[in-house]
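First comes the structure, then the notes that go with it.
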């Protein structure tokens, strides 16, 4: 892969990683209402759903951060853009859409169909 293109991916991935890190830190600092502030069951139910959604979003963001970090490591070790399954080069269009991907489209479809 061309060094200029590789640097573009690295910069983009690093920006996404930093953005996610900031969002996660901000989400952890948000205060949750105490049970004393909740006047009825509706308030408690709404708070419970909000807490569950926030936890799911946080887990999803953490998983994406791990994938991005892994992609940055592959850039450093020279294997970025190489399918982890078949070893073929991942298409540029796929990398543009999902730069942290580990598999070419063919292998990803095989994995998804299992």
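The values are calculated or read from the model by the stated rules, or taken from the named source; none is laboratory data. Nothing here was measured: the structure is a model prediction, and the numbers come from that model. Note that we place each Cβ from the backbone using ideal geometry, even for glycine, and neighbour counts take in every protein chain shown.
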Taking residue 100 and the conditions (1) in contact with a helix residue (DSSP H, G or I) (Cβ under 7 Å, 6 or more places away or on another chain); (2) modelled with pLDDT of 90 or more; (3) over 23 Å from residue 1 (Cβ atoms), which numbered condition does it fall short on, given that it satisfies the others? (3)
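Being out of contact with any helix residue (DSSP H, G or I) (no Cβ under 7 Å at 6 or more places or on another chain), at pLDDT 95 or above and surrounded by 13 or more Cβ atoms within 10 Å (Cβ to Cβ) is the requirement here; does residue 73 meet it?
Judged against the criteria, residue 73 is not a match.
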With respect to residue 90, is the statement that it is within 22 Å of residue 3 (Cβ to Cβ), modelled with pLDDT of 95 or more, assigned by TED's automatic domain parsing to the domain that holds residue 7 and surrounded by 13 or more Cβ atoms within 10 Å (Cβ to Cβ) true? no
Is at least one residue of the stretch 45-61 farther than 26 Å from residue 21 by Cα and either loosely packed, with under 14 Cβ neighbours inside 10 Å or not assigned by TED's automatic domain parsing to the domain that holds residue 22 (or both)? yes
